[in-house]
Every structure is written in structure tokens, then in C-alpha cells.
Amino acid sequence: MQSAIAGFLNYLKIERNCSALTIKSYGEDLASILEYFSERAGGVPGVAAVSVADLRGYVAYMHECQYSRSTMARRLACLRSFFRYCCREQLAETNPAKALRTPRAGRRLPHFLSTEQVARLLEAPPANTPAGLRDRAILETLYSAGLRVAELASLNVMNWDRDAGILRVIGKGRKERVTPVGSYAAQALGRWLEVSEPDPTAPAIQQGAMFLNKRGRRLTTRSVGRLLEKHIREIGLDKLTTPHTLRHSFATHLLDGGADLRSVQELLGHKSLTTTQIYTHVSTERLRDTYQKAHPHASGKK
């Protein structure tokens, strides 16, 4: 099974052109079932020997470990893709994961910030140091363009068209999209690039990076998360706030401002409109809360 998994991950990389993050996620999910077979099922079977009963045992194990429904759903989707690949490569005759029911995940509304909270966060980094200017540019860009953190970290200077006011972003599945950059973000990016000092000895893949660490190398997604956590602590924001919260806030504020759902879908780079529709639920919840607080007959009290 280990060699089949290695072949599957290579297939995702070469034929499906999946991102490194997607391949890493698939690898971790498949490693979890190898661990289950090894520690709880008496050993790792060959791919062709895996049965529906074996996988149901794995599902029961995940329930026992109290994994979230979303985690279980993701792992089952991974197994279906893996065994579909194995059938295609004639490593297995049937797909045992096809018969498994995916647990219905409860819909959880995304966490977002108010416009006032966003303003406080964007002004948190100091404007008189290179690191502060970089952090301001990062936060402004995340909020202005609604980027995923991985998209931001992979940005190169050449991806920004100053005259047109747009960024060319490589999203999930290596699909390129164009997103506008607001005047505040453009100003912050310009100030950062005036003081940034790239390392000329860095490998070719590091050259031209938009956002750099102290050594002049490309900033990682983990580093972006750490710097955001630092500024969140400084201004006392909710600990639920993550870099992705700025993307949620971007979408929510656009819809609150009257943007249509299709436009927001395109700006976010969502493949399906269903994914974007979650933000309409956010806006509906906010309207309901406002109504309950403001209308004299909303609470039912006489």
C-alpha cells in the first residue's frame, strides 16, 4: 500500500497539477489509515485486499477518537480518490471506499471582523520600521484582495501591476485569477517595496518574492500566521482571528456593501457558488441580530 500511496501522490503532482499544500494534506490523510492498519488492525494489507469492512472499521476508529465530521468527510473523500486511482492503475478491482457514507458536516459560519476591528488590526504594525511596513502591507493585501495565506506567500513583485491596480494570484489547483488592489493596500505595498532588501544569494525559487523575512528570503505561511497572532495580542482581538479571518471579512464586507454573489465568488477564486453562499448566511445572521436588538417588538416582550 505504501508504494501505491507514493504513486498516487506523484499522480496528483504530475497529472493533476495539485498544489504542494493539497498533496501534503492527502499524504497526511493516507498516513492516518496506514497508522490505523498498523496499530489497530494487525498490519497494513495490500491495496487489493482492503475491504469495505476494513474501511468501516477505520470510520468507527475515527468516531472513537472523536474526530470532527469535517475531518472524517475529508479523509473519506481522500480514500475514494485514492482507490479510484488504484482501480485505474489496476492495483485493485473495486473501490471499497465508494460504499461508505460521508458524515454530514454541520454548517459553521465563518469568523469575521467588523470594519472597526479590521481598521485597528491594519494600523497595529508600526509604520517606522521595515518589519512594520511589511506587516502593514501583508495585512492590507490580505484584506484588500481576499487572499488565502498560501496565495499571499507565493506572490512575486511581478504579480502586482501598479498601473492597473491588480494582482495576478495563483490559487488552488494552480489556477490564476486577477483581483483588484485597493488604494490603501497599494500604498502599503509601495512603502514596503521601498525598504525591502532581497537576498541576492537566495535560490532562484526565492528570487522576486513580494514578502521577505529578516534574511531577505520568501516569507512562509507559518510566519504570516505568527506575525498576525502577535498583532492580535497587541490590540486584544478575539483569539479565533486567523489570517483566513481577513478573507472571511473581505467577503462579508463586500456582500454587506451590496456586491453580488457571483462577483464575490470570482474575487475569492471559489470553484462553486455554493462555497461562496456561506457568506450570505453571515449577512443574514447579522441582520437578524440587528433586528432583535433594535426593533421594539422583536423580543416578544410586552
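The values are calculated or read from the model by the stated rules, or taken from the named source; none is laboratory data. As the structure is a computational prediction, the values presented were derived from the model and not from experiment. In this analysis, Cβ positions are derived from the backbone assuming ideal geometry, glycine residues included, and neighbour counts consider all displayed protein chains.
Residue by residue, here is whether (1) crowded, with 19+ Cβ neighbours inside 10 Å; (2) assigned by TED's automatic domain parsing to the domain that holds TYR143; (3) of a type in the set (A, V, I, L, M) holds:
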{"residue": "ASP238", "(1), (2), (3)": "no, yes, no"}
{"residue": "THR242", "(1), (2), (3)": "no, yes, no"}
{"residue": "THR252", "(1), (2), (3)": "yes, yes, no"}
{"residue": "VAL264", "(1), (2), (3)": "yes, yes, yes"}
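In the range 58-68, which residue that is part of a helix (DSSP H, G or I) and exposed (fewer than 14 other Cβ atoms within 10 Å of the Cβ) is nearest to the chain's Cα centre (by Cα)? My answer is HIS63.
Look at (1) buried (at least 17 other Cβ atoms within 10 Å of the Cβ); (2) out of contact with any Gly (no Cβ under 9 Å at 6 or more places or on another chain); (3) over 30 Å from ALA49 (Cβ atoms); (4) not small (Gly, Ala, Ser) and you find that PRO103 fails only one, number (3).
Evaluation of PRO200 against the conditions (1) surrounded by 15 or more Cβ atoms within 10 Å (Cβ to Cβ); (2) outside any helix (DSSP H, G or I) shows that the sole unmet condition is (1). Looking only at the range 76-96, residues that are of a type outside the set (Asp, Glu), outside any helix (DSSP H, G or I) and more than 21 Å from VAL59 (Cα to Cα) come to 2 in all.
A count restricted to the range 155-179 and to residues that are assigned to a strand (DSSP E or B) and touching a residue at least 40 places away in the same chain (Cβ under 8 Å) stands at 5. Of the set (1) crowded, with 17+ Cβ neighbours inside 10 Å; (2) part of a loop (DSSP other than H, G, I, E, B), all apply to LEU152 but (2). Filtered by the rule that a residue be under 16 Å from GLY171 (Cα atoms) and either in a loop (DSSP other than H, G, I, E, B) or not assigned by TED's automatic domain parsing to the domain that holds ASP54 (or both), the range 15-26 gives ARG16, ASN17, CYS18, SER19. For GLY7, the test of being part of a helix (DSSP H, G or I), at pLDDT 90 or above, over 30 Å from ALA150 (Cα atoms) and not basic (Lys, Arg) is failed. Condition check for PRO125 on (1) surrounded by fewer than 16 Cβ atoms within 10 Å (Cβ to Cβ); (2) in the same structural domain as THR252 (by TED's automatic domain parsing): one failure, at (1). When LEU76, LEU12, LEU55, LEU91 are checked against the criterion of being crowded, with 17+ Cβ neighbours inside 10 Å, more than 29 Å from VAL169 (Cβ to Cβ) and under 26 Å from the mean Cα position of the chain (by Cα), a single residue qualifies: LEU76.
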